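Read the structure below first, then the notes.
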Amino acid sequence: MIIIIIIIIIIIISTLLHCRRSPVMQPPCELICKQCSRLFIHAVVVDCCYQTYCDECARQYVAAENQCPGCGAAQTVDTLRPNFGRQQRVDDWIREHGRRAEPEPRR
Ligand SMILES: [Zn+2]
Ligand SMILES: [Zn+2]
């Protein structure tokens with residue numbers, strides 16, 4: 001009986017150690033810009049499909065293409081609005097995880 005308890009305790013401890021050693025925690029996908037595959041920097045939202053992008057990513061795309069990077073609707077840079085709520089969640093995530101963990105860009 002005692003042996004079973006010891007085995008269970010060993011399993012719990014090894015699980016805890018494994019969690020602590022686990023590789024970089026990936027941010028939730030709703031905090032990732034679909035343009036650059038990184039955490040938002042100055043998140044902005046487009047007013048057609050309400051997708052969020054980094055200010056720079058959205059601005060560059062809209063300035064070059066005159067359309068939304070998400071749905072292709074006609075857009076101008078004037079319609080980009082700061083998404084303070086989303087940016088706050090990005091900042092909170094970075095604070096909670098202690099560093100600026102940048103996920104690898106997907107290819
Ligand atoms: Zn759109
Ligand atoms: Zn971006």
When N is the residue count of region 27-96, what does its C-alpha Rg come to as a fraction of 2.2 N^0.38 Å?
1.04
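Place a +1 charge on the Cβ of each Lys and Arg in region 27-96 and a -1 charge on the Cβ of each Asp and Glu, then give the dipole magnitude about the Cα centre in debye, rounded to the nearest 20. Walk me through the intermediate numbers first.
Details: 7 positive and 9 negative charges, 18 e Å.
For this selection, approximately 80 debye.
What's the exposure ranking of V77, V45, going from fewest to most Cβ atoms within 10 Å? Mind showing how you got there, number by number?
Details: V77 14, V45 19.
Ordered from fewest to most neighbouring Cβ atoms within 10 Å, V77, V45 come out as V77, V45.
Where a number appears in this text, it was derived from the coordinates with a stated rule and is not lab data. From a predicted model like this one, the values you see are computed outputs, not experimental measurements. Here the Cβ is made from the backbone with ideal geometry for all residues, glycine too, and neighbour counts use every protein chain on show.
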